[in-house]
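My structure is below; once you've seen it, I'll send some questions.
The values are calculated or read from the model by the stated rules, or taken from the named source; none is laboratory data. Predicted, not measured: the structure shown is a model, and the values here were computed from it. In this analysis, Cβ positions are derived from the backbone assuming ideal geometry, glycine residues included, and neighbour counts consider all displayed protein chains.
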Amino acid sequence: MENLIRMKGGFKNFGEIKALEDINFELHKNEVVGLLGDNGAGKSTLIKSLTGVYPIDKGELYIKGIKIDIHRYSVKEARKYGIETVYQERSLGDNQPLWRNIFIGRHNTNCFGYIKVKKEKEEALNILTNLIGLKGVGISPDSFVETLSGGERQGVAIGRAMYFESDIIVLDEPTTALSLKEVNKVLNFVEMIKKNGKSCIYITHNIYQIYSVSDRFVILDRGKIVGNYMRQDLSVEDLSNKLMMHAKSE
Amino acid sequence: MLKTFFKKNILQVGIFFVLIALLLIFMALSPSTFLAGRIYIAFMSTIPFAAIMALGLTLVIISGDMDLSFPSVMAISGFVFSSTFLSTNNALIALIVALIVGMAAGIINGLLVVKIGVPSIIATIGMQFFWRGLTTLLCEGMSKNIVPIRETITHKILVGRIGGAIPSQAIWFTVIAVFLWSLLNRHAFGDSVRFIGDNMQTAKIMGINVDTIRFLIFIQMGVLTSFSGVLVCFEMANWWPTQGEGYMLLVFASVFIGGTSVFGGRGTIIGTFIGAIIIGIIEAGLIISGFSGFWTRLIYGVIIVTSVSVYAIMTKKKLMS
């Protein structure tokens, strides 16, 4: 299978704290990986090192087969390679209409920097109805984010990432504080990512939510990868037991 | 279609009706003044000074920052303008030098807030004292008479009377409002301003150069403030050490009556445009209608508190629906 991301022997320290130790991680094309682990296991640090927020101190990183200079790697560069992160709280501007949220930072403009509003609204409508499927629920490009449910917000952020041809979409605990109905909406969006041929890394505490939509699970514990399992090789109960086992060994 | 327009622009439509209601009340109380054209010519000559600063401040507040230094920036810009004019006898050079001073004031605010990280409200209070103090020191408490400026072509362009009646400053006010409206609503820069005020983290994640945009917002405020200060000097053919004092309340009132959110992320240039006109007509309207000048501030207070309360209720209702 084609590797989109490959980290080889990755280390990351914050002062005396070893946040990541000898990490060997891969993400393949059209694959959904559930990144699991307890608080402080290193899930967020691993994600941030892959998305350029905190580049690793030591080790090798390849994206789409290209070796990355880890000392110059940044969020901006990660986006150039088609990696986009969807955070629960920080992905959208609450007081802005959806079309502005979709195109923020990547507007269609003329040579003077003026936005092609009509074109962007048409594209936003296309994204909302065809790409995300938020059709017939009273949502339009002019709707404000503050009127959307938590799940719908995640959907817009995911749709935005897909529209801009991101090949790797990272979801950082996207269902925290969402109702069951809203969680299902987010999981549907994850399935949609896969259907569109993209890849996804999904960070969560809740294996029951992620089990059905993931192809593979990676378990982190105290900065190390302690488990790497294909879904077909274990049931959700087995996965739960594996996680419990690592928690008990602490 | 009309219904959609009203729904989408309810704040601006609401504030526009407040302006119409006020004018109707003043017309009823003093028909001889408010049904004649002269009072409106007078408004067009006086309102732009505060209103131009209010337009600039709207962008600052939408971006989630604050600028309290502008009354003193107005004073130092006016001082530099009049001093330069008196020494060079060239109004255009004096104008350019004054605008550079305004730009410098904006850059200093930007450095303090964006680079050093001082909260904007505190940094700009400090700068307000600094500029006022510096102006007082430099002028030694003396005003500057610049009557010969009335003979210059720049005077005619900036504050002359078009067709012998319409004050040019009203045209400049309108042109600046249209430009800032287009910037805020149709330009990628305006979009960045909104997102920075709404959620700075989101703006950073989405690749906006937050520091540069915040810097530019302070700079435009400085430049517009100095431009306003220069207009006052042109109109009065005079500069005095307390210039700018008294504008603070009027400018903030214009912005907040116009519906700009003190929390950032939301606001409109049209709202501020109408808000500035409302604030500009109240004092004259009250006095002409037979009230004493003591009523002015009380009425300002009532209008500001009522308008921001109405906006808060409308926002709540919108969220609940």
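Within the set of pairs 6+ apart or on separate chains, which have a first residue in region A:55-84 that is within 23 Å of A:Glu2 (Cβ to Cβ), a second that is part of a loop (DSSP other than H, G, I, E, B) and of a type in the set (Asp, Glu), and C-beta atoms under 7 Å apart?
Taking only residues 6 or more apart or on different chains, the pairs are A:Gly82/A:Glu165; A:Gly82/A:Asp167.
Another one. Spot the failing condition for B:Phe291; the list is (1) without any contact (Cβ under 8 Å) to a residue 40 or more places away in the chain; (2) in a helix (DSSP H, G or I), and only one is missed.
B:Phe291 satisfies every listed condition except (2).
Restricting attention to helices (runs of 4 or more DSSP H) lying wholly within region B:1-57, give those where 1 or more residues are small (Gly, Ala, Ser).
B:10-29, B:31-34
Check off (1) surrounded by fewer than 22 Cβ atoms within 10 Å (Cβ to Cβ); (2) closer than 25 Å to B:Ser120 by Cα; (3) out of contact with any Pro (no Cβ under 6 Å at 6 or more places or on another chain); (4) away from chain A (no Cβ under 14 Å) for B:Val251 and give me the number that stays unchecked.
Tallying (1) surrounded by fewer than 22 Cβ atoms within 10 Å (Cβ to Cβ); (2) closer than 25 Å to B:Ser120 by Cα; (3) out of contact with any Pro (no Cβ under 6 Å at 6 or more places or on another chain); (4) away from chain A (no Cβ under 14 Å), B:Val251 fails exactly one: (1).
Filtering region B:302-321 down to residues that are within 14 Å of chain A (Cβ to nearest Cβ) and surrounded by 15 or more Cβ atoms within 10 Å (Cβ to Cβ), which residue is modelled with the highest pLDDT?
B:Tyr311
What residue, among those in region A:145-157 that are crowded, with 19+ Cβ neighbours inside 10 Å and at pLDDT 85 or above, is nearest to A:Thr45 (Cα to Cα)?
Selected residue: A:Ala157.
Residues in region B:185-196: is at least one among the aromatic types (Phe, Trp, Tyr), under 22 Å from A:Asn108 (Cα atoms) and at the interface with chain A (Cβ under 10 Å from one of its Cβ atoms)?
Yes, the conditions are met somewhere in region B:185-196.
Results for (1) within 17 Å of the chain's Cα centre (by Cα); (2) surrounded by fewer than 18 Cβ atoms within 10 Å (Cβ to Cβ); (3) farther than 30 Å from B:Lys316 by Cβ, shown as yes or no for each residue.
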residue	(1), (2), (3)
A:Ser91	yes, no, no
A:Ile139	no, no, no
A:Ser143	no, no, no
A:Asp172	yes, no, yes
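Can I ask one more? What tally of residues in region B:101-117 results from selecting those that are without any contact (Cβ under 8 Å) to a residue 24 or more places away in the chain and either surrounded by 17 or more Cβ atoms within 10 Å (Cβ to Cβ) or over 21 Å from B:Asp211 (Cα atoms) (or both)?
Result for region B:101-117: 2.
Something else: Identify, by number, the condition in (1) facing another protein chain (nearest Cβ under 9 Å); (2) surrounded by 16 or more Cβ atoms within 10 Å (Cβ to Cβ) that B:Ser168 doesn't meet.
So B:Ser168 meets the others, but not (1).
Please list, ordered by residue number, the helices (runs of 4 or more DSSP H) wholly in region B:139-243 having 3 or more residues that are touching a Leu at 6+ places or on another chain (Cβ under 7 Å) and farther than 30 Å from A:Gly52 by Cβ.
B:153-159, B:168-186, B:210-236
May I pose another question? Among the residues of region B:21-39, what is the count of those that are surrounded by fewer than 15 Cβ atoms within 10 Å (Cβ to Cβ) and within 19 Å of B:Pro167 (Cβ to Cβ)?
3
Further question on the same structure: Test B:Ala177 against the stated conditions and say whether it is within 14 Å of another protein chain (Cβ to nearest Cβ) and crowded, with 18+ Cβ neighbours inside 10 Å.
Considered against the rule, which asks whether it is within 14 Å of another protein chain (Cβ to nearest Cβ) and crowded, with 18+ Cβ neighbours inside 10 Å, B:Ala177 comes out as no.
Limited to region B:105-128, what total is found for residues that are in contact with a helix residue (DSSP H, G or I) (Cβ under 7 Å, 6 or more places away or on another chain) and either of a type in the set (Phe, Trp, Tyr) or part of a helix (DSSP H, G or I) (or both)?
Final tally of qualifying residues: 14.
Considering each of B:Ile299, B:Ile269, B:Ile287 in turn, give the residue that is modelled with pLDDT of 80 or more, closer than 24 Å to B:Leu184 by Cα and more than 14 Å from every other protein chain (Cβ to nearest Cβ).
Result of the check over B:Ile299, B:Ile269, B:Ile287: B:Ile269.
Identify, please: which residue in region A:149-160 is among the hydrophobic types (A, V, I, L, M, F, W, C) and more than 11 Å from chain B (Cβ to nearest Cβ) and is, among those, farthest from A:Leu187 (Cα to Cα)?
A:Val156
Go through A:Glu152, A:Glu122 for me and flag whichever is out of contact with any Pro (no Cβ under 7 Å at 6 or more places or on another chain), without any contact (Cβ under 8 Å) to a residue 24 or more places away in the chain, assigned to a helix (DSSP H, G or I) and of a type in the set (D, E, K, R).
Checking each option against the conditions leaves just A:Glu122.
Going through region B:203-222 one residue at a time, which ones are within 10 Å of another protein chain (Cβ to nearest Cβ) and surrounded by fewer than 19 Cβ atoms within 10 Å (Cβ to Cβ)?
Correct list: B:Lys204, B:Gly207, B:Asn209.
For region A:175-187, does any single residue satisfy the condition of being part of a helix (DSSP H, G or I) and at pLDDT 85 or above?
yes
Now for a separate question. Look through B:Lys144, B:Lys156 and report the one residue that is among the charged types (D, E, K, R) and closer than 30 Å to B:Gly271 by Cα.
B:Lys156
From the list A:Ile102, A:Ile139, which residue is farther than 26 Å from A:Leu4 by Cβ and touching a residue at least 40 places away in the same chain (Cβ under 8 Å)?
Testing whether each residue is farther than 26 Å from A:Leu4 by Cβ and touching a residue at least 40 places away in the same chain (Cβ under 8 Å) leaves just A:Ile139.
Quick one: is B:Thr272 without any contact (Cβ under 8 Å) to a residue 24 or more places away in the chain, of a type outside the set (Gly, Ala, Ser), closer than 30 Å to B:Ile100 by Cβ and assigned to a helix (DSSP H, G or I)?
no
Taking the criterion of being in contact (Cβ under 8 Å) with a residue 60 or more places away in the chain and within 14 Å of chain A (Cβ to nearest Cβ), would at least one residue in region B:38-61 satisfy it?
The answer is yes; a qualifying residue exists.
Further, regarding this structure: I need a count of the residues in region A:143-165 that are polar (S, T, N, Q) and touching a Phe, Trp or Tyr at 6+ places or on another chain (Cβ under 7 Å).
Of the residues in region A:143-165, 1 are polar (S, T, N, Q) and touching a Phe, Trp or Tyr at 6+ places or on another chain (Cβ under 7 Å).
Right, another one. Could you pull out the residue among A:Asn108, A:Asn130, A:Asn126 that is of a type outside the set (A, V, I, L, M, F, W, C) and touching a helix residue (DSSP H, G or I) at 6+ places or on another chain (Cβ under 8 Å)?
A:Asn108
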